[in-house]
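Below is one structure, written out as structure tokens; the observations come after it.
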Amino acid sequence: MSCAFELTHYRELVQAAGAGGYRFASFEEPAGPGDLLLRHDVDLSLEAALRMAELEAEEGASATYFLMTESVFYNLASTEGVAAIARLRELGHRVGLHAVHPRVVLDERFDPVVAWHNPEPAYMTEPIDGAVNVMQKGYFDPVTYRSDSNQRWRSGCPHEELRAGAFPWLQLLTHPEIWAYPGSTMGQTMRAMLDFERERRLAQLAEDRIDLT
Ligand SMILES: [Zn+2]
Ligand SMILES: [Zn+2]
């Protein structure tokens, strides 16, 4: 098995978790034995989030997608954004807020759960009024946490340990863009995403009756 940052391996990770006996849990209550908290911070692409969400649903898994209201890369208020949230819900996933500190505006689109975007250590694990902070005590512990930041696992890809049931519980943070677009480095993956975006933007321009001749 190759630990590539590709959806085929993400599927293997989800299957490994199932084989290891983990339960796909949400951030509604603190993590307990056997819980796997699938967390996705959606920084760049709703399209990538939806691809991952469909795959998880096929595998009988559910996750929490943290979406931004202040992203420069996507607009949650657009028809595309509204449809993305509806589809995530339809597939059985949760939707939390990927917030930019210190603003937390939880409207009806979001469950009361927050993941800070690029947090500073000073407030990273601090509780938040009226919402769960995914990095607060009970949901986060460095030994039961893995993240794919910049296409690098700090403590290795967790598929073996998941399959073996080696974690008492786990919060697994993955960024859909890293898995949905090809590339063996973050730079390659981002360029692949931009190539895809270019085509998507051209289609949007045509739809908006822009003359592209
Ligand atoms: Zn792996
Ligand atoms: Zn982020």
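Scan 154, 200 and give me the residue that is basic (Lys, Arg) and touching a Lys or Arg at 6+ places or on another chain (Cβ under 9 Å). Selected residue: 154, the only one of 154, 200 that is basic (Lys, Arg) and touching a Lys or Arg at 6+ places or on another chain (Cβ under 9 Å). Could you count how many residues in segment 107-119 are more than 18 Å from residue 179 (Cβ to Cβ) and either in contact with a His (Cβ under 7 Å, 6 or more places away or on another chain) or in a strand (DSSP E or B) (or both)? Selection size over segment 107-119: 5.
The residue of segment 8-57 that is most open to solvent (accessible area, probe 1.4 Å), among those that are aromatic (Phe, Trp, Tyr) and within 25 Å of residue 116 (Cα to Cα), is 24. Within segment 1-30, residues that are away from ligand 1 (no atom under 12 Å from the Cβ) have Cβ atoms under 7 Å from residues that are open to solvent by 70 Å² or more (accessible area, probe 1.4 Å) and in a helix (DSSP H, G or I) in these pairs: 7/51; 19/163; 20/163; 20/164, counting only partners at least 6 apart in sequence or on another chain. The requirement of being assigned to a helix (DSSP H, G or I) and on the phi < 0 side of the Ramachandran plot is not satisfied by residue 154.
With respect to (1) in contact with a Lys or Arg (Cβ under 9 Å, 6 or more places away or on another chain); (2) open to solvent by 20 Å² or more (accessible area, probe 1.4 Å); (3) away from ligand 1 (no atom under 16 Å from the Cβ), the lone exception for residue 67 is condition (2).
Is one or more of the residues making up segment 150-167 away from ligand 1 (no atom under 16 Å from the Cβ), open to solvent by 10 Å² or more (accessible area, probe 1.4 Å), closer than 29 Å to residue 104 by Cβ and in contact (Cβ under 8 Å) with a residue 40 or more places away in the chain? Looking for residues that are away from ligand 1 (no atom under 16 Å from the Cβ), open to solvent by 10 Å² or more (accessible area, probe 1.4 Å), closer than 29 Å to residue 104 by Cβ and in contact (Cβ under 8 Å) with a residue 40 or more places away in the chain, one finds none in segment 150-167, hence no.
Name the residue, out of 49, 99, that is of a type outside the set (Ser, Thr, Tyr) and within 21 Å of residue 181 (Cα to Cα).
Details: 99 fails: within 21 Å of residue 181 (Cα to Cα).
Result of the check over 49, 99: 49.
Those strands (runs of 3 or more DSSP E) of segment 15-70 in which at least 2 residues are within 16 Å of ligand 2 (Cβ to nearest atom) and of a type in the set (D, E, K, R), considering only elements entirely within it, cover 35-41.
Given the criterion out of contact with any helix residue (DSSP H, G or I) (no Cβ under 9 Å at 6 or more places or on another chain) and small (Gly, Ala, Ser), identify the matching residue among 92, 81, 21, 60.
21
Looking at the structure I just gave you, is residue 76 part of a loop (DSSP other than H, G, I, E, B), touching a Ser or Thr at 6+ places or on another chain (Cβ under 8 Å) and either within 16 Å of ligand 1 (Cβ to nearest atom) or open to solvent by less than 10 Å² (accessible area, probe 1.4 Å) (or both)?
For residue 76, the condition - part of a loop (DSSP other than H, G, I, E, B), touching a Ser or Thr at 6+ places or on another chain (Cβ under 8 Å) and either within 16 Å of ligand 1 (Cβ to nearest atom) or open to solvent by less than 10 Å² (accessible area, probe 1.4 Å) (or both) - is met.
Go through the residues of segment 131-138 one by one and say whether even a single one is in a loop (DSSP other than H, G, I, E, B), among the β-branched types (Val, Ile, Thr) and open to solvent by 40 Å² or more (accessible area, probe 1.4 Å). Checked segment 131-138: no residue is in a loop (DSSP other than H, G, I, E, B), among the β-branched types (Val, Ile, Thr) and open to solvent by 40 Å² or more (accessible area, probe 1.4 Å). For segment 164-198, a residue qualifies if it is assigned to a helix (DSSP H, G or I) and touching a strand residue (DSSP E or B) at 6+ places or on another chain (Cβ under 6 Å), and exactly one does: 176.
The values are calculated or read from the model by the stated rules, or taken from the named source; none is laboratory data. Source: prediction; values computed, not measured. Note that we place each Cβ from the backbone using ideal geometry, even for glycine, and neighbour counts take in every protein chain shown. With ligands, DNA and RNA removed, areas are computed over all heavy atoms of the protein, side chains included. Shrake-Rupley method; radii C 1.70, N 1.55, O 1.52, S 1.80 Å.
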